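The values are calculated or read from the model by the stated rules, or taken from the named source; none is laboratory data. Remember, predicted model here, so these are calculated numbers, not experimental data. Neighbour counts run over all protein chains shown; Cβ positions are idealised from the backbone, glycine included. The area values use the complete protein model at the heavy-atom level, side chains included, leaving out ligands, DNA and RNA. Shrake-Rupley method; radii C 1.70, N 1.55, O 1.52, S 1.80 Å.
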Amino acid sequence: MSDMVRLVEPLIPALRRYARALLRDPADADDLVQDCLERAVSRWHQRRSDGDTRTWLTAILHNLAVSQMRRRARRGAHMSVEDAPEASLAVAPSQDGALRHRDLMAALDALPDEQRNVLLLVTVEGLSYAEAAQVLAIPTGTVMSRLSRARDRMIRLMDGEGVTVPAKRPLLRRVK
């Protein structure tokens, strides 16, 4: 038990960050992390002793989040105006930082799920390409291509350009 606590406890902040980035709601993210930790504790005996605990926990969290998002998509979002927090009904602040943050989150939401997940795991959580590939159960090359496309698309979206506009960065050319 102490071995499990020693390995899992330092990873909880990273799990919370990733859950908040995926769900955008702190309460839902905390519930997701709780579910992830409950599943990890109940299935600790199934963990590979030579495997990376961080990758294992992140994979559990990711799979639970995907299941939860699919469930929500089937049910649809529902919240009455009376139950909505007043802050969510207010006008957005006029400060540049808040606007930039809003644009960043909108651009992140505009990415396909596959690209967004890879971008969050590699850039926010600092996982290596191999670790992200293991979490998402895809090849490392796929992680690299999705990450490249996600970065290019984020640059275009943050610059206010449409998705169909080619990137302003120079393209590589083949030299024989």
The percentage of the accessible area of the chain (probe 1.4 Å, all protein chains present) made up of carbon and sulfur atoms, to the nearest whole number, is 53 percent
Residue by residue through segment 46-51, the couplings from Karplus 6.51 cos²θ - 1.76 cosθ + 1.60 with θ = phi - 60°, in Hz, x for Gly and Pro, are 8, 5, 6, 5, 8, x
The extension gain from residue 73 to residue 31, computed as 0.36 nm times the residue separation minus the Cα-Cα distance, is 13.3 nm
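Taking 41 Å as R0, compute the FRET efficiency from the Cβ-Cβ separation of residue 2 and residue 144 and round it to 0.05.
The computed FRET efficiency comes out at 0.60.
Any idea what diffusion coefficient segment 1-78 gets from Stokes-Einstein, in µm²/s, Kirkwood Rh on alpha carbon pairs, 20 °C, 1.002 mPa s?
164 µm²/s
Dividing the Cα radius of gyration by the Kirkwood radius, what Rg/Rh value follows for the chain?
1.02
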Computed over the chain, the relative contact order (Cα-Cα under 8 Å, seq sep at least six) in percent reads 20 percent
Karplus ³J(HN,Hα) for segment 138-152 (6.51 cos²θ - 1.76 cosθ + 1.60, θ = phi - 60°; Hz, whole; x = Gly/Pro) runs 9, x, 4, x, 5, 4, 5, 5, 5, 5, 4, 5, 5, 5, 4
Once phi for every residue in segment 37-42 is put through the Karplus expression 6.51 cos²θ - 1.76 cosθ + 1.60 (θ = phi - 60°), the whole-Hz ³J(HN,Hα) values, with Gly and Pro written as x, are 5, 4, 5, 5, 5, 6
When the charge dipole of the chain is computed with +1 at the Cβ of Lys and Arg and -1 at the Cβ of Asp and Glu, the Cα pointing farthest to the positive end, of 34, 138, 87, is that of 138
